[in-house]
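**Q** I'd like to ask you about the structure that follows.
The values are calculated or read from the model by the stated rules, or taken from the named source; none is laboratory data. The shown structure was predicted, so the numbers you read here are calculated from the model rather than taken from an experiment. All Cβ positions, glycine included, derive from the backbone under ideal geometry; neighbour counts span all protein chains shown. Side chains are part of the model used for accessible areas, which takes the heavy atoms of the whole protein and leaves out ligands, DNA and RNA. Shrake-Rupley method; radii C 1.70, N 1.55, O 1.52, S 1.80 Å.
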Amino acid sequence: MAEQAHAPEHPAYPVGLRLSGRRVVVIGGGQVAQRRLPALIAAGADILLVSPSATPSVEAMAASGEIRWEQRRYADGDLADAWYVLIATADAEANAQASAEAERTRTWCVRSDDAGAATAWTPATGRSEGVTVAVLTGRDPRRSAAVRDAIVEGLRDGTLAAPHHRTRTPGVALVGGGPGDPDLITVRGRRLLAEADVVIADRLGPRDLLDELPPHVEVIDAAKIPYGRYMAQEAINNALIEHAKAGKAVVRLKGGDPFVFGRGMEEAEALAQAGIPCTVVPGISSSISVPGAVGIPVTHRGVAHEFTVVSGHVAPDDDRSLVDWPALARLRGTLVVLMGVDKIGAIAQTLTANGRDPHTPVALIQEGTTAAERRVDATLATVAETVVAEDVRPPAVIVIGEVVAVGRRHAQHPRNPQ
């Protein structure tokens, strides 16, 4: 008799399971369950975990009531009334028994140990703004993950065009761009930037991202150069309102976080008064990220249990100052000063006059996280003359405290090797 030719394997039929309120059984509480359970929880499934043990993260899900956990081995009948089962144990015999029960009860079954014996496969899944991307490439999970990552990243950063086919509501997004490195903007911020019709940009925002915008996008320079040219805040507010009322998607691209000395709330209030919808996208604040980029932790065990961020744009003896500088001098933790380069001499003198040790280390990080980044070290006693001698210019983040010495000992930073 002629040998029968091997039939090609049929592809899996893709389908989205709606598991809200429906019984799902997970056999095994190890790392596979730890990875899969969050998505099942997010889907609203009624989850029963059957396993003698579980990882700490899975145990925490049970303790919080997100899943029910029966701390025992699998037993025949556990899959009764289940819609979906995930088999993920290291016990081959238990896996085979559970899989056989799933076959008898016609329950869709995923097996982490033997995909060929399963009746369902878990796709590589990602999500972006209401879109779920699920990729199956047969039995090559690494390729599935790579394809998923490429699609999701493209949707998030706007390089993969997927326009909304509905009327777009005009409005403004106040986007925190982070400290300057274009890779440090948030995923949501970058996506909104890619969808913008008009971008009103600060000097301290991630400038490199502007070059990626399509030609039709109008970019308005709202830079405020220290002691130089600037766009008045009222003019910025008016531009936001004008373009939003014209039906444009407007992004106000700001450095750091919009609400950390960024006047973001003033802009949000102006938009609210004009009846313009406003979305706030938080950003990575330079007060923490810039010190971290050069290896300085704003807190460190046994060194600093607190850190305070303060604006230095007005001097301590200025009547407009809202800062209690004598109180700050009595604190033992880290002090981070923003916008204080030209006032650092007066700030240091006030701190030492009110009890802070003159030998306290100080680091000045100019143009942090950018290609022009540099770090200059001093002490409270020497920082005024150091700023002049080293020609330190804004923007610079100033860190005062013993954590500066910690960072100096341990930092290994690619832009600024020690």
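**Q** Quantify how much of the Cα-Cα distance distribution of region 332-392 extends past 18 Å, in percent.
**A** Values: 546 of 1830 pairs.
Value for region 332-392 (Cα pairs over 18 Å): 30 percent.
**Q** List, in order, the whole-Hz ³J(HN,Hα) value for each residue of region 343-349 obtained from phi through the Karplus relation with A = 6.51, B = -1.76, C = 1.60 and θ = phi - 60°; use x for Gly and Pro.
**A** 9, 5, x, 5, 5, 4, 5
**Q** Amide H to amide H, which residues 5 or more places from Arg203 or on other chains are under 5 Å from it, using H placed in the peptide plane?
**A** Those qualifying (amide H under 5 Å, at least 5 residues apart or on another chain) are Ala223, Lys224.
**Q** While we're on this one: Enumerate by residue number the trypsin sites (Lys or Arg not before Pro) in region 235-328 meeting two conditions: DSSP loop (anything except H, G, I, E, B), and at most 11 other Cβ atoms within 10 Å of the site's Cβ.
**A** Taking region 235-328 and a limit of 11 other Cβ atoms within 10 Å, the loop trypsin sites (Lys or Arg not before Pro) found are Arg301, Arg320.
**Q** For region 1-135, evaluate the Debye formula with one uniform point scatterer on each Cα (no solvent term) and list log10 I(q)/I(0) at q = 0.15, 0.17 Å⁻¹, rounded to two decimals.
**A** Evaluating at q = 0.15, 0.17 Å⁻¹ gives log10 I(q)/I(0) of -0.73, -0.91.
**Q** Here are labelled values, (i) 45; (ii) 63; (iii) 56, and one is the computed percent of Cα pairs over 28 Å apart for what I pasted. Which one?
**A** Given (i) 45; (ii) 63; (iii) 56, the structure-derived one carries the label (ii).
**Q** Taking θ = phi - 60°, what integer Hz values does the Karplus form 6.51 cos²θ - 1.76 cosθ + 1.60 yield along region 296-313, in sequence order, with x for Gly and Pro?
**A** 9, x, 6, 10, 7, 4, x, 10, 9, 9, 7, 9, 10, 9, 9, 7, x, 6
**Q** Among DSSP bridges having both ends in the chain, what percentage is antiparallel? Round to the nearest 5. Walk me through the numbers before you get to the answer.
**A** Values: 23 of 62 bridges.
Taking every DSSP beta bridge with both residues in the chain, the antiparallel ones total about 35 percent.
**Q** Counting alpha carbon pairs within less than 8 Å and at least 6 residues apart, what relative contact order, in whole percent, applies to the chain?
**A** Relative contact order of the chain: 10 percent.
**Q** What dipole magnitude, in Debye to the nearest 20, does region 59-128 give about its Cα centre under +1 on Lys/Arg Cβ and -1 on Asp/Glu Cβ?
**A** Here region 59-128 has a charge dipole of around 240 debye.
**Q** Another question, if that's okay. Under the Karplus relation 6.51 cos²θ - 1.76 cosθ + 1.60, θ = phi - 60°, what is the ordered set of whole-Hz ³J(HN,Hα) values for region 45-51, x standing for Gly and Pro?
**A** 5, 8, 9, 10, 9, 10, 6
**Q** With each run of n ≥ 4 DSSP H residues scored as -39500 (n - 2.57), what mean residue ellipticity at 222 nm is computed for the chain after dividing by its residue count and rounding to the nearest 500 deg cm²/dmol?
**A** -8500 deg cm²/dmol
**Q** In the chain, what percent of the accessible surface is made up of carbon and sulfur (1.4 Å probe, ligands and nucleic acids excluded)?
**A** So the carbon and sulfur contribution to the accessible surface is 52 percent.
**Q** Can I ask one more? In terms of modelled amide H atoms, which long-range or inter-chain residues lie less than 5 Å from the amide H of Ile47?
**A** So Ile47 has HN proximity to Val24, Arg68.
**Q** Mind listing which GluC sites (Glu not before Pro) in region 262-356 are in a DSSP loop and have 16 or fewer other Cβ atoms within 10 Å?
**A** Counting only loop positions with at most 16 other Cβ atoms within 10 Å, the GluC sites (Glu not before Pro) in region 262-356 are Glu306.
**Q** Sticking with this structure for a sec: In nanometres, what is the gap between the two model label sites at Arg393 and Asp318, each 7 Å from Cα along Cα-to-Cβ?
**A** Going from the Arg393 label point to the Asp318 one covers 2.1 nm.
**Q** Taking only C-alpha pairs under 8 Å that are 6+ residues apart, what is the relative contact order of region 18-162 in percent?
**A** Dividing the mean separation by the residue count of region 18-162 yields 17 percent.
**Q** Considering amide H positions built from the backbone, and no H for Pro or chain starts, which residues 5 or more places from Leu174, or on another chain, come under 5 Å of its amide H?
**A** Residues meeting the amide H criterion: Arg252, Thr279, Val280, Val281.
**Q** Just to confirm, what accessible area per residue do you get for the chain at 1.4 Å probe, in whole Å²?
**A** Working: 23030 Å² over 418 residues.
It amounts to 55 Å² per residue over the chain.
**Q** Shifting gears a bit: Full-extension gain between Tyr13 and Arg127, please, as 0.36 nm times their residue separation minus the C-alpha to C-alpha distance.
**A** Stretched out fully, the Tyr13 to Arg127 stretch lengthens by 39.0 nm.
**Q** Out of the trypsin sites (Lys or Arg not before Pro) in region 104-153, which ones are loop residues according to DSSP with at most 16 other C-beta atoms within 10 Å?
**A** Answer by residue number: Arg106, Arg139.
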